[in-house]
Amino acid sequence: MQDIEEGTTLALAFGKIQAAARSSRPLVPVVLQHADTSEVLFVGFADQEALDESLATETAVLWSASRDELWRKGETSGDRLDLVEVRVNCEQNALLYRVRPRTGGVCHTRDATGTARGSCFYRRIDNDALRFLEG
């Protein structure tokens, strides 16, 4: 996992959606966006239980397709995301969680200083390799 999360070799997980489709729950993709900056923070999945709990607790709750369990964002890391609103797309097959991070961290990965990154999108493709974004 270290090479995937911190490496510069492009190795996209094209099977992720296929694996999520085999989940024990019916899922929809969820884009998590910072409510104040509109920055896309990461992409996850939700089932009905995750959506209901998100709305009830006003915090981001997702379904972990890899662990096949409810994922209350920040439960172990402390990097909770307060839910500002939930939007649904035109076909009602995807959600947008507009959130406000309680702390600076959002991603489960850490930068060189050991600080949780503010977004999971911290690299860009450059000539078939990955380059870390500045700042």
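The values are calculated or read from the model by the stated rules, or taken from the named source; none is laboratory data. All values derive from a computational prediction rather than experimental measurement. With ideal geometry, Cβ positions are generated from the backbone for all residues, glycine too; neighbour counts draw on all protein chains shown. Side chains are part of the model used for accessible areas, which takes the heavy atoms of the whole protein and leaves out ligands, DNA and RNA. Shrake-Rupley method; radii C 1.70, N 1.55, O 1.52, S 1.80 Å.
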Using a 1.4 Å probe, what is the accessible area per residue for the range 29-135, in Å²? 58
Rg and Dmax in Å for the chain, alpha carbons only: what are they? 15.1, 45
The long-range amide H neighbours of T59, using H built 1.01 Å from N in the peptide plane and a cut-off of under 5 Å, are L83
Calculate, for C90 and T113, the FRET efficiency according to 1/(1 + (r/R0)^6) with r their C-beta to C-beta distance and R0 30 Å; round to the nearest 0.05. 0.15
Karplus (6.51, -1.76, 1.60) ³J(HN,Hα), θ = phi - 60°, over the range 54-60, in Hz, Gly and Pro reported as x: 4, 5, 6, 9, 6, 9, 6
Share of the chain's accessible area from carbon and sulfur, percent, 1.4 Å? 50
Using a 1.4 Å probe, how large is the accessible area of D36, given in Å² and rounded to the nearest 10? 90
